[in-house]
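Every number here is computed from the coordinates shown, using simple stated rules; none is lab data. Note that the coordinates shown come from a computational prediction; the quantities given were computed from them, not determined experimentally. Neighbour counts are summed over all protein chains in view; Cβ atoms, including those assigned to glycine, are modelled from backbone coordinates with ideal geometry.
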């Protein structure tokens, strides 16, 4: 999928519009929609979609092109949080993926916040039902700093199977900016190691 199509998808997500302050006071749930446009060297571009919904402590999430291209996945889990100055947020989840890849997926997402620093990590093991020997471990981790309330940047690492490069672990830098309920982000992976992969993201929170 080439860039114009990815921009159309991002624009559709943004056009849905945020909830009003009155809505927030009347409901106990939140939702967001995120599109990541991947620009991979010597491979087709594609768009990854993630739609999480939080209902109290229950976390529900749908994804597309995440564990594998042309595959969709769904998850359900519970959230827990501890601490004040140092905050730890943990979300264990269980899910399944169907499409070009069929399998079940236990996952864990956690975030640690202190001052203007944060560590985010999401890990999962995809158990391939068609070929158990093809099961794999996925991880996306970030070390971020937020010098301003709306600006965040840092280091990102990822290990996945949705695209291939000469490196098993992708490593690079990212920057993101939040304007009200919209967050735009840009990731660069593998510069100085091999031809870089670029990822552009757009997220809207409701």
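Using R₀ = 30 Å, calculate the FRET efficiency as 1/(1 + (r/R₀)^6) where r is the Cβ-Cβ separation of residue 127 and residue 180; round to 0.05.
Efficiency at R0 = 30 Å is approximately 0.15.
Would you compute, from DSSP H runs of 4+ residues alone, the mean residue ellipticity of the chain at 222 nm, taking -39500 (n - 2.57) per run and dividing by the full residue count, rounded to the nearest 500?
Result for the chain: -2500 deg cm²/dmol, rounded to the nearest 500.
Given that compact globular proteins tend to follow 2.2 N^0.38 Å, what is the ratio of the alpha-carbon Rg of region 131-175 to that value?
Against the compact-globule rule of thumb, the ratio is 1.51.
Could you compute the FRET efficiency for residue 55 and residue 167, with r as their C-beta to C-beta distance and R0 at 45 Å, rounded to 0.05?
0.75
Work out, in µm²/s and without decimals, the Stokes-Einstein translational diffusion coefficient of region 82-152 at 20 °C, 1.002 mPa s, Rh from Kirkwood over C-alpha pairs.
Diffusion coefficient, whole number: 153 µm²/s.
Specify, per residue and in Å³, the volume enclosed by the convex hull of the alpha carbon atoms belonging to region 101-206.
Cα-based convex hull of region 101-206, divided per residue, equals 122 Å³.
Taking only Cα atoms and a 10 Å spring cutoff, compute GNM fluctuations for the chain and point out the largest among 107, 43, 31.
43
Using a Gaussian network model of the chain whose springs link C-alpha atoms within less than 10 Å, name the residue from 125, 47, 97 with the highest mean-square fluctuation.
The residue that fluctuates most here is 125.
Explain nothing, just the number: relative contact order of the chain, from Cα pairs under 8 Å at least 6 residues apart, as a whole percent.
17 percent
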